[in-house]
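The values are calculated or read from the model by the stated rules, or taken from the named source; none is laboratory data. Worth saying up front: this structure is predicted, and the values here are computed from it rather than measured. Cβ placement follows ideal geometry from the backbone for every residue including glycine, while neighbour counts extend to all protein chains displayed. Just so you know, the surface numbers come from the protein's heavy atoms only, side chains and all, with ligands and any DNA or RNA stripped out. Shrake-Rupley method; radii C 1.70, N 1.55, O 1.52, S 1.80 Å.
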Amino acid sequence: MSHAYLFALVDGGGTVPPELGVARRLIERGHRVRVLGEDSMAADVAATGATFVPWRHAPNRPDRSVAHTAYRDWETTDPLALARGMADHMIAGPASGQARDVAAAIEGERPDLVLASFTALGAMIGAEAEGVPFDVLLPNIYTMPAPGMPPMGLGLPPATGRPGLLRDRAVNAMSTRLLGRYGLDRVNAARAAHGLAPVPTIWDQVHRARRELVMTSPEFDFPATLPANVRYVGPVLDDPSWAGGDWTPPPGDEPLVLVAMSSTFQDQTGCLQRITDALGTLVVRGLVTTGPALDPAVIHASPNVRVVTAAPHAQVLPVATAVVTHGGHGTVIKALAAGLPTVVLPHGRDQADNAVRITARGAGITISRESSTPVIARAINRVLSDPAFARAARELGAAVAADAAGDVLIRELENLEDATPAEG
């Protein structure tokens with residue numbers, strides 16, 4: 001039976017390929033899909049075969065250039081500023097406009113299910129107000145507070161003993177209060193405008209979903225006690241539509257090291273140059289991808305290193321030996337699925353959390369993004385020379401690859417018998 005799905009997505013850079021990969025899979029199975037999104041995503045949406053609908057009242061970036069990046073999270077480590085920026089630009093600020101746009105899209109063609117980006121709380125509100133069930137897409141680890149799950153953003157391992165549990169409880173309570181301080185009133189104002197009762201915390205809006213779909217492997221994430229509507233559905237390993245072109249590495253038989261940093265601007269130019277310089281000191285071949293946010297011409301490389309805008313991971317990873325990355329979920333999970341060890345230089349957001357899940361399993365090394373060229377070179381050489389890293393990556397990667405090849409995601413989305421909207 002064919003169903004109609006409405007995706008309500010924000011351009012989170014690395015979140016776009018897996019989210020649109022879900023849309024593509026549904027279309028391939030004969031379902032009807034519309035994607036409400038930013039103009040920066042229009043070409044990516046068209047590549048899936050879905051119908052693109054631009055945000056009208058919610059923020060809508062025309063492209064992914066840094067000039068349109070309002071939330072400059074790389075410029076501060078102050079928790080108050082980070083919480084306020086997240087509330088203003090990602091969660092609460094866009095909520096009213098998102099709710100209006102989703103409600104209008106539903107009235108135009110009523111879908112069977114709405115699928116919303118994790119930060120698109122307004123989209124969830126619009127669906128709830130119109131009486132349409134919604135699922136939340138989390139193309140990442142589980143990032144909300146939950147018993148047993150380390151707090152997000154700090155790169156912490158699971159707590160052990162009472163002090164660790166108290167640590168988690170205190171940090172989670174603080175982060176929830178901070179987001180609530182800067183965003184809860186606006187989220188509840190959007191709910192009130194659509195005739196819905198207030199929610200007690202930001203996270204409660206997400207928890208009203210029919211399903212919270214965690215698009216990673218449970219073997220990669222840390223175990224925790226999660227809400228009953230949470231499902232681990234495996235990662236979607238699709239490359240972005242812009243990751244094509246000529247990616248031929250330098251000639252030779254030396255190990256190929258792929259460098260894949262953020263597809264959005266995170267002030268990564270200096271770090272990327274030091275990584276490139278480090279590769280130039282090693283007996284390796286380097287393939288450095290800058291992503292669409294940086295011009296490859298700004299990175300200077302030795303003859304054994306080639307710098308390109310992009311390269312399809314599906315083609316490069318099978319012939320690579322190791323990966324150097326900022327720690328975005330998409331890159332680390334693809335590296336694991338290919339059985340490759342990683343060197344991670346987290347820049348922020350969820351990247352330290354992804355990194356600790358790598359190092360806890362012995363599948364890579366984490367170093368500071370401010371590391372010098374010699375330090376980076378030693379880290380790369382270590383993962384290449386110590387076979388234990390590759391063994392651990394292959395072991396964890398086998399589970400990741402199996403989950404990526406499974407059908408849990410599609411089964412959850414096509415099973416709409418229990419698709420009853422949340423009661424507002």
Flagged in region 267-301 as in a loop (DSSP other than H, G, I, E, B) and touching a Ser or Thr at 6+ places or on another chain (Cβ under 9 Å), in numbering order, are 268, 281, 284, 290, 291, 292, 293, 294, 295, 299, 300, 301
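Residues are listed down the side, and each one gets a yes or a no for (1) closer than 30 Å to residue 296 by Cα; (2) open to solvent by 40 Å² or more (accessible area, probe 1.4 Å); (3) of a type in the set (Lys, Arg); (4) at pLDDT below 95:
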{"site": "210", "(1), (2), (3), (4)": "no, no, yes, no"}
{"site": "226", "(1), (2), (3), (4)": "no, yes, no, no"}
{"site": "233", "(1), (2), (3), (4)": "no, no, no, no"}
{"site": "237", "(1), (2), (3), (4)": "yes, yes, no, yes"}
{"site": "241", "(1), (2), (3), (4)": "yes, yes, no, yes"}
Those residues of region 104-125 that are assigned to a helix (DSSP H, G or I) and under 23 Å from residue 214 (Cβ atoms) come to a total of 5
Note: among 188, 172, just one is open to solvent by less than 60 Å² (accessible area, probe 1.4 Å), part of a helix (DSSP H, G or I) and closer than 16 Å to residue 98 by Cβ, namely 188
With the first residue restricted to region 356-374 and required to be in contact (Cβ under 8 Å) with a residue 40 or more places away in the chain and of a type in the set (Asp, Glu), and the second required to be open to solvent by less than 10 Å² (accessible area, probe 1.4 Å) and assigned to a helix (DSSP H, G or I), Cβ contacts under 9 Å at 6 or more apart or on different chains are 370/271
The residue from 403, 407 that alone is within 30 Å of residue 32 (Cα to Cα), open to solvent by 40 Å² or more (accessible area, probe 1.4 Å) and under 20 Å from the mean Cα position of the chain (by Cα) is 403
Of the residues in region 316-332, those that are open to solvent by 10 Å² or more (accessible area, probe 1.4 Å) and either outside any loop (DSSP other than H, G, I, E, B) or within 12 Å of residue 368 (Cα to Cα) (or both) come to 317, 318, 319, 326, 329, 330, 331
Those residues of region 19-37 that are open to solvent by less than 20 Å² (accessible area, probe 1.4 Å) and either within 14 Å of residue 116 (Cβ to Cβ) or touching a helix residue (DSSP H, G or I) at 6+ places or on another chain (Cβ under 6 Å) (or both) come to a total of 8
Only one of (1) farther than 19 Å from residue 218 by Cα; (2) open to solvent by less than 20 Å² (accessible area, probe 1.4 Å); (3) small (Gly, Ala, Ser) does not apply to residue 348, and that is (2)
The correct count of residues that are touching a Leu at 6+ places or on another chain (Cβ under 8 Å) and either open to solvent by 40 Å² or more (accessible area, probe 1.4 Å) or aromatic (Phe, Trp, Tyr) (or both) in region 137-166 is 1
Going through region 104-125 in order, the residues found to be open to solvent by 10 Å² or more (accessible area, probe 1.4 Å) and aliphatic (A, V, I, L, M) are 104, 105
Taking region 78-103 and the residues there that are at pLDDT 80 or above and in a loop (DSSP other than H, G, I, E, B), the one that is most open to solvent (accessible area, probe 1.4 Å) would be 93
Filter region 333-345 for residues that are buried (at least 24 other Cβ atoms within 10 Å of the Cβ) and of a type outside the set (A, V, I, L, M, F, W, C); the one that is farthest from residue 402 (Cα to Cα) is 342
Picking from 256, 279, 294, 272, the residue that is touching a helix residue (DSSP H, G or I) at 6+ places or on another chain (Cβ under 9 Å), open to solvent by less than 30 Å² (accessible area, probe 1.4 Å) and modelled with pLDDT under 90 would be 294
